[in-house]
Amino acid sequence: ESSNPDNKLKKSSPISTTSPSLTSETIVIETIRKQNREATYKKYSKGRFLGKGGFARVYEFIDLDTKKTIAGKIIEKASLTKIRARQKLMSEIKIHKSLHHQNIVKFEHFFEDNENVYILLELCTNQTLSELMRRRKRLTEIEVQCYIVQVISALKYLHAHRVIHRDIKLGNLFLNDKMEVKMGDFGLAAKLEYDGERKRTICGTPNYIAPEILEGKTGHSYEVDIWSLGVLAYTLLVGKPPFETADIKATYKKIRMNYYSFPDHIPLSEDAKSFVRFILITDPASRPNLDQILNDSFLTRNPIPALMPISTLAVPPSSN
Ligand code: ADP
């Protein structure tokens, strides 16, 4: 295979250099060539390490012109030897690039050099709901309402644009400095050609996967995100996913049987429990749609704050 593995990846031809002198910080340089015109360069200083995913390492990138800090996802081309992996990345970029919504991580930019692909994203300084849950164990109903409404807002936008996310879970829901929820990671997302199209690829994260994906008979569509939303709501309220077991096979069996319960020791309102039961319907055709979910009493019984205070990253909100 050549060192230029994918034509579609060839838009600009930047180089990245490491400057070992003085600060020993890495400067990533993007070269932008427009037809026949001189190249222009954009420089980023690679800062703090933010996290690591399946293929990517993520760092703070400081745009040296604007001084703006963004998240830079670095994916080594060497890790993309399999055609499938490359196709998936291209699909993720294509879908994510087309999305513009308050509750979706903004896709800023994408470029590459000989070694890496760089994806620049809106920086979410307060990590994901996964880290939040690790600190807080479980959330209050008011917080769950606040976060779920924002996730629904993102999902309404996605589905209206024929995109299924297919991997809604704690770790893919980021929080920015203002505590706004930002949905990210479109690595498993699918864009439908037409509304009635059914997808067949088995994907998702075990605990959040919808029963129709496990059955695999009729294909799946937007309803898989609704199922994951129900799993998410339960997880935020209870502190662990509804179908969690020690092994994946047993989890899948529980999902297919829709077998879960609310632990007695956790005080939950009837509204909250009914809300989860309302969403986690095995038959995708009978599952509620996003507007019906927004009209459920759990989300209409009291005013819901637009954002939670920063203090709730560590401690529950005060109830007055
Ligand atoms: P992958 O697609 O390879 O799984 P992720 O998108 O999950 O990579 O990113 C890995 C980690 O990097 C995340 O868990 C998070 O800690 C951090 N991260 C990713 N995107 C951002 C972002 N926009 N802002 C802040 N941190 C981020």
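The values are calculated or read from the model by the stated rules, or taken from the named source; none is laboratory data. Quantities reported herein were computed from a predicted structural model and do not represent experimental measurements. We place every Cβ from the backbone using ideal geometry, glycine too, and count neighbours over all the protein chains shown.
Condition test on Arg162, is it closer than 25 Å to Ser274 by Cβ and either within 16 Å of the ligand (Cβ to nearest atom) or not aliphatic (A, V, I, L, M) (or both)? Explain how you work it out, then say what you get.
Values: closer than 25 Å to Ser274 by Cβ: no; either within 16 Å of the ligand (Cβ to nearest atom) or not aliphatic (A, V, I, L, M) (or both): yes.
For Arg162, the condition - closer than 25 Å to Ser274 by Cβ and either within 16 Å of the ligand (Cβ to nearest atom) or not aliphatic (A, V, I, L, M) (or both) - is not met.
Give Lys88, Lys73, Lys43 a once-over and let me know the one that is touching a residue at least 12 places away in the same chain (Cβ under 8 Å), part of a strand (DSSP E or B) and within 12 Å of the ligand (Cβ to nearest atom). If you could, list the steps in order and put the result at the bottom.
Working: Lys88 fails: part of a strand (DSSP E or B); Lys43 fails: within 12 Å of the ligand (Cβ to nearest atom).
Step by step, each of Lys88, Lys73, Lys43 is checked, and only Lys73 is touching a residue at least 12 places away in the same chain (Cβ under 8 Å), part of a strand (DSSP E or B) and within 12 Å of the ligand (Cβ to nearest atom).
Is it fair to say Leu268 is more than 28 Å from His159 (Cα to Cα) and either under 23 Å from the mean Cα position of the chain (by Cα) or touching a residue at least 24 places away in the same chain (Cβ under 8 Å) (or both)? Write out each step before concluding.
Working: more than 28 Å from His159 (Cα to Cα): yes; either under 23 Å from the mean Cα position of the chain (by Cα) or touching a residue at least 24 places away in the same chain (Cβ under 8 Å) (or both): yes.
Answer is yes for this residue.
Before we move on, is Lys169 crowded, with 16+ Cβ neighbours inside 10 Å, basic (Lys, Arg) and touching a helix residue (DSSP H, G or I) at 6+ places or on another chain (Cβ under 7 Å)?
Taking the combined requirement at face value, the residue satisfies it.
So which of Pro5, Pro20 is surrounded by 11 or more Cβ atoms within 10 Å (Cβ to Cβ), in a loop (DSSP other than H, G, I, E, B), more than 16 Å from the ligand (Cβ to nearest atom) and at pLDDT below 90?
On the way: Pro20 fails: surrounded by 11 or more Cβ atoms within 10 Å (Cβ to Cβ).
The match here is Pro5.
Do we have any residue at all in segment 132-151 that's touching a Leu at 6+ places or on another chain (Cβ under 6 Å), within 19 Å of Gly51 (Cα to Cα), among the charged types (D, E, K, R) and within 15 Å of the ligand (Cβ to nearest atom)?
No.
How many residues, within segment 46-70, are of a type in the set (A, V, I, L, M) and more than 9 Å from the ligand (Cβ to nearest atom)? Spell out how you get there, then give the answer.
From segment 46-70, those of a type in the set (A, V, I, L, M) are 50, 56, 58, 62, 64, 70; that's our starting set.
Within this subset, residues satisfying the condition of being more than 9 Å from the ligand (Cβ to nearest atom) are 62, 64.
Number satisfying all stated conditions: 2.
Could you please give the count of residues in segment 188-211 that are surrounded by 18 or more Cβ atoms within 10 Å (Cβ to Cβ) and assigned to a helix (DSSP H, G or I)?
Total satisfying the criteria: 3.
Would you point out the residue of segment 91-106, among those that are away from the ligand (no atom under 12 Å from the Cβ) and buried (at least 19 other Cβ atoms within 10 Å of the Cβ), that is farthest from Met183 (Cα to Cα)? Full working, then the answer.
Going through segment 91-106, the residues away from the ligand (no atom under 12 Å from the Cβ) turn out to be 91, 94-95, 97-103.
With the extra rule that they be buried (at least 19 other Cβ atoms within 10 Å of the Cβ), the set shrinks to 95, 103.
Values: Ile95: 13, Asn103: 6 Å.
Applying the filter and picking the extreme gives Ile95.
Starting from segment 198-216, take each residue that is more than 20 Å from Val163 (Cα to Cα) and list its partners that are assigned to a loop (DSSP other than H, G, I, E, B), counting only C-beta distances under 6 angstrom and pairs at least six apart or across chains.
Asn207/Pro241; Asn207/Glu244
Among Leu120, Leu132, which is more than 12 Å from the chain's Cα centre (by Cα), of a type in the set (A, V, I, L, M, F, W, C) and assigned to a strand (DSSP E or B)? Steps first, please.
On the way: Leu132 fails: assigned to a strand (DSSP E or B).
Exactly one of Leu120, Leu132 is more than 12 Å from the chain's Cα centre (by Cα), of a type in the set (A, V, I, L, M, F, W, C) and assigned to a strand (DSSP E or B), namely Leu120.
In segment 271-320, what count of residues is obtained for those that are of a type in the set (A, V, I, L, M) and under 20 Å from Lys254 (Cβ atoms)? Give the steps one after another, and end with the answer.
Step one: list which residues in segment 271-320 are of a type in the set (A, V, I, L, M), which gives 272, 276, 279-281, 285, 290, 293-294, 299, 304, 306-308, 310, 313-315.
Subsequent filtering for residues that are under 20 Å from Lys254 (Cβ atoms) retains 276, 279-281.
Qualifying residue count, segment 271-320: 4.
Can Asp185 be described as away from the ligand (no atom under 16 Å from the Cβ) and assigned to a loop (DSSP other than H, G, I, E, B)?
On the way: away from the ligand (no atom under 16 Å from the Cβ): no; assigned to a loop (DSSP other than H, G, I, E, B): yes.
No: the conditions fail for Asp185.
Which one of these is within 21 Å of Leu237 (Cβ to Cβ), within 11 Å of the ligand (Cβ to nearest atom) and modelled with pLDDT of 95 or more: Leu123, Leu155, Leu175? Write out each step before concluding.
Working: Leu123 fails: within 21 Å of Leu237 (Cβ to Cβ); Leu155 fails: within 11 Å of the ligand (Cβ to nearest atom).
Only one candidate passes the filter, namely Leu175.
Are there any pairs with C-beta distances below 7 angstrom linking a residue in segment 231-251 that is more than 16 Å from Leu214 (Cα to Cα) to a residue that is assigned to a helix (DSSP H, G or I) and of a type in the set (S, T, N, Q), with the two at least 6 apart or on different chains, and if so which?
Within 7 Å, the pairs are Pro241/Asn207; Pro241/Thr235; Thr245/Thr251.
How many residues does segment 76-85 hold that are away from the ligand (no atom under 13 Å from the Cβ) and buried (at least 17 other Cβ atoms within 10 Å of the Cβ)? Don't jump to the end; show me each part of the working.
Restricting attention to segment 76-85, the residues satisfying the condition of being away from the ligand (no atom under 13 Å from the Cβ) are 77-78, 81-84.
Remaining after also requiring buried (at least 17 other Cβ atoms within 10 Å of the Cβ): 77.
Total meeting the criteria: 1.
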